[in-house]
1. Considering segment 48-64 alone, what residues qualify as being closer than 17 Å to residue 6 by Cβ and of a type in the set (A, V, I, L, M)?
2. Here are some residues: 44, 58. Which one is polar (S, T, N, Q), farther than 29 Å from residue 117 by Cα, exposed (fewer than 14 other Cβ atoms within 10 Å of the Cβ) and not assigned by TED's automatic domain parsing to the domain that holds residue 117?
3. Can you spot a residue in segment 61-84 that is assigned to a loop (DSSP other than H, G, I, E, B) and surrounded by 15 or more Cβ atoms within 10 Å (Cβ to Cβ)?
4. Scanning for something closer than 30 Å to residue 82 by Cβ and touching a His at 6+ places or on another chain (Cβ under 6 Å), does segment 47-60 turn up at least one residue?
5. In segment 30-44, what count of residues is obtained for those that are farther than 14 Å from residue 70 by Cα and in contact (Cβ under 8 Å) with a residue 24 or more places away in the chain?
6. Within the group 65, 76, 50, 86, which residue is of a type outside the set (Phe, Trp, Tyr), at pLDDT 80 or above and within 18 Å of residue 16 (Cα to Cα)?
7. Testing residue 31 on (1) in contact with a strand residue (DSSP E or B) (Cβ under 7 Å, 6 or more places away or on another chain); (2) in a helix (DSSP H, G or I); (3) among the charged types (D, E, K, R), one condition comes back false. Which one is that?
8. Can you confirm whether segment 101-122 contains a residue that is farther than 25 Å from residue 23 by Cα, modelled with pLDDT of 80 or more and acidic (Asp, Glu)?
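The values are calculated or read from the model by the stated rules, or taken from the named source; none is laboratory data. Every value quoted in this text rests on a predicted model; they were computed, and no experiment measured them. All Cβ positions, even for glycine, are placed from backbone atoms using ideal geometry, and neighbour counts span all protein chains on display.
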Amino acid sequence: MISIKLLRKFQITTQEQFLHIAAADGAPGLDLLVEDITGEFSTSDLVPRPIVMSDYNSDWDSLYPFSAFLSPYKIPLTVSEDYVSPWASEQGLFVSAINDFRDIEAGTRSLTLLVKHPGIVWSGALLIV
């Protein structure tokens, strides 16, 4: 039995959508499945190649630490030009900075991010250096 993981990701800042497909511990035929899905739903004619999974691949953070054992693919999805994200509306995703303090002399900034995301299970993480 093969366990396939699927993750649809919508990038709110660029409006890009991706389908992430992965399997753990080897999955015979996964590359053929990815090829078929790419042909049906992707914006690209190129067949995706496996992506290297590392501590810096944040696409699968929601499955950490299990994500370390995945062999992932990333497929760009076709998005209609008239698509409007429900997260762009007033009831959707809201991100703002509060307690924003900048120390010009030290060259530092500290802030608290306020993220309201009704219906979103995983909002990701943000690290500003």
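1. 51, 53, 63
2. 44
3. no
4. So far as segment 47-60 goes, yes, one or more of its residues are closer than 30 Å to residue 82 by Cβ and touching a His at 6+ places or on another chain (Cβ under 6 Å).
5. The qualifying residues number 8.
6. 76
7. Result: residue 31 passes all but (1).
8. Yes, the conditions are met somewhere in segment 101-122.
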